[in-house]
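I have placed the structure first, in the form of structure tokens, so that the comments after it can refer back to it.
Just so it is clear, none of the values below were taken in a lab; they were calculated from the coordinates. Keep in mind that what you see is a predicted model, and the values were worked out from it rather than measured. Note that each Cβ is placed from the backbone with ideal geometry, even for glycine, and that neighbours are counted across all protein chains shown.
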Amino acid sequence: MKQINEKGITLIALVITIIVLLILAGVTIATLTGDNGILGKAVQAKEKTNTAGDLEYLQTEALGIIAEYYLSDKSVSEDEYILTELGKKSGITANIAKGTVTYKNKEYTLSEITGGTEEKEQIEKNRLEEITLANAEKGSAEETLLKEQSVKAIIVEKEDKTNRAVIPTGFYYVAGTPSTGLVISDKMGDDDSNSKKGNQFVWVPCSGTNGITYEKTDDNGTGNHGLASYWKESYSDKQWSYTTTTAGETITDWSDNGGNYASVTKYGGFYIGRYEAGVPRDADFYADSEGATYYKEEKKNSEEVLSMRPIVQKGTQSWNYISQEKAKKVSENMYKASTSVTSGLVDSYAWDTTVKWMASDSEYSGIGLDSTNFGNYANNSQITANTLYALHRFAGRNATGVANNKNDYWTYATKYKKGNITSGYVSLSASIRDQYEFVLNSYDDTNYNYDIRKEFATGATNETKVKNIYDICGNMWEWTTETGNQTTPSGSSEMEYAVLRGAGLGDEGEKTIWFRNGGALATNSIADVGFRPVLYIK
């Protein structure tokens, strides 16, 4: 009988196999479960997604509440108002004392909801420290200042703690440092490129190592700094001009009802608009697209604008063709309901202090004598930008003169354009002039030379940025609150003139950032004249 050999598993091998299977099962279970397991991570991911969605909901609700806060005069602080109103929403519980809200069993701080987390990251990145009521030394001057409703935080440079800036309530840190140009925005989450379209301002320090003396001093109670007599004596080596066109006389009695010595002394500085004032986005003459109509004073200087608020944002049309009188009014409108800041048209004191602060930096020390490379001047061909722009045609007399018209004159674009553009003038020869659209197209090539002068959108190119402030040289002359009066030749009436600062797109670099001109009536609306708001903390 044939024997059959049968092979089987031994008991030892079976035990080993079972042990291996148990180990593998344990590894698998551990991989799937636990905080670091696949299932655990999936749960965590879901929770994070839900939390992100919940936080986004709270942020959206907070945005609407913040808008409500600034549309009407509220007697409580911004933070308290946001917490109170969030607490009224379904499913949200607010703790005003702790500065938190609870939603879907999770607690959020107000800083998380209003963008404070990103803000703190930027502050740390720029080697700054933020002093708030939570971390201020008890009994210190900082704590006293922070207890006021108008102050949100104090930002201090780590390397030199004398350099500091005060952040008003309702505003958020964006970029820069107190000594290099600290930027704030009135919109949470805004950034250096102004992607959130908040209104942005730059701190001008009047205290600390890198600060500058504020022009409006209280010497002998006169507060006379920044006016004609003082300015001429102090800046005699700089170009200046106070001229009028009435009877060829010069006004010597200039005054300024702007400035805020008390605020600057208390807080150590003030804020100036980062950009030239722009047309409000809800105006029917706002433009940000190719082919938009280029409006003049019939829209930009009408009585309807008196209730409007300008914007101080990147990449929009400068608000030109507005008189000094109306520029002053609309600048005051910006934060009329705010309990933390007062806004207004830039005054002579703020302008001169800002320029001194810029020129005190070795990088910009020559800006007061030659501003060519810092602005959209006719003789600057180095600045390029991809932006919204408008073209103006300037006619200059030839040496032969003109029989019937002795004045240079401008004609203007009919449409806005978008694209690459270089600053400086371009000769408008007969072969190329017809490709441009202008209000008037009559040419007198015998007696006139024609150039194209280019008006840029606000903050269009970084070459015009000085201490984080754009276009303070060139692009637009800027109205200030400084004025002077002159009686007409007949003596029947008195005419008010307002001072312009800087220079416009049709000028050259010798008309520097220091330059001042008193030859324009306060009621005039002009193509290359705009304005810039300032903020003083209450």
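List every residue whose amide H lies under 5 Å from the amide H of residue 448, counting only residues 5 or more places away in sequence or on a different chain, with H placed 1.01 Å from N in the peptide plane.
For residue 448, the qualifying residues are 398.
Just to verify a number: FRET efficiency for residue 397 and residue 306, C-beta to C-beta distance, R0 = 41 Å, to 0.05?
Working: r = 38 Å, r/R0 = 0.93.
Using R0 = 41 Å, I get an efficiency of 0.60.
For a quick check: with amide H placed at 1.01 Å from N, whose amide H comes under 5 Å from residue 426's, ignoring anything fewer than 5 positions away on the same chain?
452
Would you mind calculating the gained length between residue 493 and residue 337 on full extension (0.36 nm times residue separation, minus the Cα-Cα distance), in nm to one decimal?
Details: separation 156, 0.36 × 156 = 56.16 nm, distance 3.66 nm.
Contour length minus Cα-Cα distance gives 52.5 nm.
For a protection proxy built on the mean count of beta-carbon atoms within 10 angstrom, sort 337-343, 444-450, 271-277 highest first, please.
Order by mean packing, descending: 271-277, 337-343, 444-450.
Residue 510 to residue 105: FRET efficiency via 1/(1 + (r/R0)^6), r the Cβ-Cβ distance, R0 60 Å, to the nearest 0.05?
0.35
Any idea how far the Cα center of the range 325-398 sits from the one of the range 454-532, in Å?
With the range 325-398 and the range 454-532 each reduced to a Cα centre, they are spaced 8 Å.
List the residues, sorted by chain then number, that are 5 or more residues from residue 516 or on another chain and whose placed amide H is less than 5 Å from its amide H.
241
In the range 356-378, whose amide N lies under 17 Å from the spot 7 Å out along Cα-to-Cβ of residue 162? List them in ranges.
357, 360-361
Using 0.36 nm per residue, how much length does the chain from residue 262 to residue 68 gain when fully extended, once their Cα-Cα distance is taken away?
Gain on stretching residue 262 to residue 68: 66.9 nm.
Order these peptides, 165-174, 293-302, by their mean beta-carbon neighbour count within 10 angstrom, highest first.
Most protected by this proxy first, the peptides run 165-174, 293-302.
Once the Cβ-Cβ distance between residue 447 and residue 297 is put in as r, and R0 is 30 Å, what FRET efficiency do you end up with, to the nearest 0.05?
Efficiency for this residue pair is about 0.60.
Which order do the peptides 373-382, 55-64, 350-359, 255-264 come out in when sorted by mean C-beta neighbours inside 10 angstrom, highest first?
Highest to lowest by the protection proxy: 350-359, 373-382, 255-264, 55-64.
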